[in-house]
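Peer 1: One structure is given below, represented as structure tokens, and several questions about it will come after.
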Amino acid sequence: MFPEERRAANPAFLAVLFALLLSTGFAFAGDDWQPISPDELHMTAEPKAPGAPAIYLYRQVDRNDQEYREFVYARIKILTEEGRKYGNVEIPFLKGEEKIRNLRARTVHPDGSVLNFEGKPYEKTIVKAKGVKFLALTFAMPEVQAGSIIEYRYLREFPEGWVSDSRWILSDDLFTKHAKFSLHLNNRFAVQWSWPSGLPPGTQPPQEDHHTVRLETQDVPAFETEDFMPPPEEMKFRVEFQYASNYEKDPDRFWSTATQIMYTGVSTFIDKKKAMDEAISQMGLANDAPEVKLRKIYARVQQIRNLSYEREKSEKEQNRQKLQPLENVEDVWKKGYGNGRQINWLFLALARSAGFEASPVFSSSRARHFFRPQLMNVDQLTSSVVLVVVDGKNRCFDPGTKFAPFGLQPWSISGVPARRLDKDGGSWFTTEEPSATESRVERKATLHLTDDGSLEGDLTVTYSGLEAMWRRADEIDEDDAGRKKFLEDQVKEYVPVKIEAQLTNTPDWNSAAPTLVAKYEIKIPGWVTSAGRHSLLGAGIFGGSERKVFEHANRTYPIYFSFPYQNVDDVTIDLPAGWKVENLPPAKHVDVKALVYDMKVASEDGKLQFKRELTVNLGMAESKYYESLRTFFQNVRSSDDQQAVLSTSGTT
């Protein structure tokens with residue numbers, strides 16, 4: 001729902017064109033610690049949040065979009081021993097853009113004694129994606145006990161001109177007893193605000209007074225996450241603010257005008273036809289079929305140094321490198337570097353010079369929120385791709401994403417609304433989403449059964465499509481040891497018991513190849529168990545990832561899978577001499593249209609072979625379908641728990 005607009009919306013992207021505003025020392029409320037009442041000191045539980053390990057007694061967020069600052073104040077009551085973990089505080093911020101200043105924190109015990117935080121916070125990476133790194137400023141409060149109150153406050157500073165991401169998040173992981181929010185508006189733009197997920201019960205809509213919007217709320221329930229749910233920020237109670245440059249109220253006219261402006265900017269950047277024609281002639285593409293030709297252009301463009309994926313450099317390092325500003329695609333081509341968007345526009349220009357019909361596209365992202373065109377916020381179109389007609393079919397390409405294979409985009413911009421740009425106003429379409437068979441995890445193992453009931457041998461895991469891409473992106477900043485541990489830990493998650501796994505190859509981490517291949521030596525101790533005169537060998541060796549999916553009986557939020565995927569297992573087990581198969585579990589096939597499971601077990605020449613396939617071809621489903629999905633995964637677990645019955649003349 002999108003209630004009461006106070007002012008109309010329009011292209012927020014024009015914000016970057018305005019001159020920087022002068023900053024004065026805005027005095028935020030809450031510069032001193034607020035008084036703590038005796039009731040707060042001595043409380044041991046909150047009746048409105050029974051069993052809660054901790055609660056927010058008070059939260060305050062005062063944002064100033066005129067001066068690009070945000071003051072945050074938090075007071076948390078620790079109610080149980082479990083709640084002591086909230087004494088480890090994380091403050092997320094966007095690396096290279098936001099800064100956390102003036103952090104102060106303290107612990108107050110029930111007797112009123114105070115321990116100030118005197119340590120030094122450290123930075124911890126919590127989210128990494130396409131050239132964007134979210135960090136958390138992390139610190140531990142002193143001597144936190146059940147009954148303690150912890151409170152902290154800090155100032156968050158944004159880059160000057162930053163008004164595109166203003167929001168209040170009203171829900172949190174803890175119950176909130178009382179909270180206040182304010183936003184001092186930037187006076188250069190029109191603004192609208194909305195609360196897409198509603199407001200907490202009893203909370204009045206935000207009100208504006210002298211260019212400051214305010215909201216006060218209380219007794220906000222704790223936000224509880226669920227398996228496979230949409231991005232949490234999309235589901236939480238929140239207020240979204242969208243700035244705009246004028247007062248256009250019709251979404252169609254808004255997007256038509258905005259598209260023409262964006263198209264003009266892209267056209268200016270790619271307007272180097274002679275240089276692009278020369279580049280194409282150097283590639284020797286004349287005799288190639290259309291798709292082969294486009295693949296060669298794509299591969300060549302991905303050789304350009306991608307600045308979006310390089311670590312942040314000091315001023316000294318930047319001066320040493322002497323990177324020059326890039327004015328157009330000719331600069332990108334000749335100088336051999338550019339950011340992800342500039343690389344995409346180079347691909348666009350080269351594709352056109354090669355004779356392809358190609359268009360620039362701005363796409364939304366579903367990593368944190370879902371896109372809503374009616375909000376008329378251009379800043380929500382965060383990603384660029386190129387739409388090319390290949391053999392009569394529209395296809396999207398994103399060479400500016402370092403690890404994106406030909407024809408594949410990151411999951412966050414797959415299957416989402418996107419705007420094709422042209423001089424006439426453009427049009428909406430939905431980006432492609434790969435099928436489950438294109439993004440898969442294939443596990444092929446050759447194992448032998450030892451006399452003590454363990455399985456030992458070789459395992460090859462092949463990640464393809466989005467399964468390969470997200471792993472490469474996630475580990476981009478890790479060293480060899482970190483990547484090795486990452487892959488070994490993943491294998492340990494596949495098996496529902498403790499195992500030993502040793503990576504034996506060096507996977508190709510740095511390319512945009514369609515697959516990422518990891519090879520291991522593994523040992524699964526005690527997988528075969530004794531049952532009287534027989535032994536039992538479980539069928540679902542690599543079904544550990546599905547063991548705890550949808551365990552809970554009730555569901556609040558929609559079911560959401562990031563992208564369709566498929567897990568395929570082919571396991572061969574050599575039996576020791578003298579062992580024989582007495583009984584095999586029956587084949588299992590479960591099909592609920594979008595989800596399919598197959599398990600087959602065979603025996604021949606002293607070998608057991610298990611073939612297992614799980615296909616999830618589902619994006620999002622309403623919570624009313626939860627019981628059907630839960631039943632499906634219960635059937636998967638039941639089938640994985642089936643056992644082959646073995647016997648031997650010796651001792652197991």
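Peer 1: Scan region 383-390 and tell me whether some residue there is in contact (Cβ under 8 Å) with a residue 12 or more places away in the chain and not in a strand (DSSP E or B). Talk me through it step by step, then tell me what you get.
Peer 2: Initial filter on region 383-390 (in contact (Cβ under 8 Å) with a residue 12 or more places away in the chain): 383-390.
Now restrict to residues that are not in a strand (DSSP E or B): none.
No, there is no match, as no residue in region 383-390 is in contact (Cβ under 8 Å) with a residue 12 or more places away in the chain and not in a strand (DSSP E or B).
Peer 1: What tally of residues in region 375-384 results from selecting those that are aliphatic (A, V, I, L, M), closer than 17 Å to Q260 by Cα and either under 23 Å from the mean Cα position of the chain (by Cα) or outside the structural domain of E291 (by TED's automatic domain parsing) (or both)? Step through it out loud before you land on a result.
Peer 2: Initial filter on region 375-384 (aliphatic (A, V, I, L, M)): 375-376, 378, 381.
With the extra rule that they be closer than 17 Å to Q260 by Cα, the set shrinks to 376, 378, 381.
Next cut, either under 23 Å from the mean Cα position of the chain (by Cα) or outside the structural domain of E291 (by TED's automatic domain parsing) (or both) only: 378, 381.
Looking only at that region, the number is 2.
Residue by residue, here is whether (1) touching a residue at least 60 places away in the same chain (Cβ under 8 Å); (2) over 29 Å from the mean Cα position of the chain (by Cα); (3) within 21 Å of F356 (Cβ to Cβ) holds:
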site	(1), (2), (3)
T217	no, yes, no
F223	no, no, no
F228	yes, no, no
P231	yes, no, no
K249	yes, yes, no
R253	no, yes, no
A258	yes, no, no
D271	no, yes, yes
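Peer 1: Right, another one. Name the single residue that is modelled with the highest pLDDT among those in region 348-373 being of a type in the set (D, E, K, R) and farther than 17 Å from R420 by Cβ. Before the answer, list the steps.
Peer 2: Within region 348-373, the first condition is being of a type in the set (D, E, K, R), and the residues that meet it are 352, 357, 366, 368, 372.
This time we only want the ones that are farther than 17 Å from R420 by Cβ, so: 366, 368, 372.
On the way: R366: 91, R368: 82, R372: 86.
Out of the qualifying residues, it is R366.
Peer 1: For A481, only one of the following conditions fails: (1) farther than 21 Å from F542 by Cβ; (2) in contact with an Asp or Glu (Cβ under 8 Å, 6 or more places away or on another chain). What is its number?
Peer 2: (2)
Peer 1: Let me ask another. For region 298-326, name all the residues that are modelled with pLDDT under 60 and surrounded by fewer than 12 Cβ atoms within 10 Å (Cβ to Cβ).
Peer 2: In the first step, residues of region 298-326 are kept if they are modelled with pLDDT under 60; the result is 313-319.
S314, E315, K316, E317, Q318, N319, listed by residue number.
Peer 1: While we're here: Does F26 satisfy being at pLDDT below 95, assigned to a loop (DSSP other than H, G, I, E, B) and out of contact with any Phe, Trp or Tyr (no Cβ under 7 Å at 6 or more places or on another chain)? Please lay out each step first, then the result.
Peer 2: On the way: at pLDDT below 95: yes; assigned to a loop (DSSP other than H, G, I, E, B): yes; out of contact with any Phe, Trp or Tyr (no Cβ under 7 Å at 6 or more places or on another chain): yes.
When the stated conditions are applied, F26 passes them.
Peer 1: Within region 549-581, which residues are acidic (D, E) and surrounded by fewer than 13 Cβ atoms within 10 Å (Cβ to Cβ)?
Peer 2: In the first step, residues of region 549-581 are kept if they are acidic (D, E); the result is 551, 569-570, 574.
The answer is E551, and nothing else.
Peer 1: Hey, another quick one. Which ones in region 516-552 are touching a residue at least 40 places away in the same chain (Cβ under 8 Å), of a type in the set (G, A, S) and part of a loop (DSSP other than H, G, I, E, B)?
Peer 2: Passing the criteria: G526, A539, G540, G543.
Peer 1: Pairs under 9 Å by beta carbon, first residue within 18 Å of V108 (Cα to Cα) in region 147-165, partner charged (D, E, K, R) and assigned to a loop (DSSP other than H, G, I, E, B), six or more apart or different chains?
Peer 2: Once the first residue is within 18 Å of V108 (Cα to Cα) and sits in region 147-165, its partners that are charged (D, E, K, R) and assigned to a loop (DSSP other than H, G, I, E, B) give R153/D31.
Peer 1: Do you know which residues across region 351-369 are crowded, with 17+ Cβ neighbours inside 10 Å and in a loop (DSSP other than H, G, I, E, B)? I'd like the intermediate steps shown before the answer.
Peer 2: Narrowing region 351-369 to residues crowded, with 17+ Cβ neighbours inside 10 Å: 351-354, 356, 358-367, 369.
Selection gives A354, F356, S364, S365, R366, A367, H369.
Peer 1: Okay, moving on. If only one of T515, T504 is exposed (fewer than 15 other Cβ atoms within 10 Å of the Cβ) and at pLDDT 95 or above, which one is it? Before the answer, list the steps.
Peer 2: Values: T515 fails: exposed (fewer than 15 other Cβ atoms within 10 Å of the Cβ).
Checking each option against the conditions leaves just T504.
Peer 1: Let me ask something additional. Can you tell me which condition V441 does not meet? The list is (1) among the hydrophobic types (A, V, I, L, M, F, W, C); (2) buried (at least 19 other Cβ atoms within 10 Å of the Cβ); (3) farther than 20 Å from K492 by Cβ, and all the others hold.
Peer 2: The number of the failed condition is (3).
The values are calculated or read from the model by the stated rules, or taken from the named source; none is laboratory data. This one's a predicted model, so the numbers in the text were calculated from it and none came from an experiment. Neighbour counts are summed over all protein chains in view; Cβ atoms, including those assigned to glycine, are modelled from backbone coordinates with ideal geometry.
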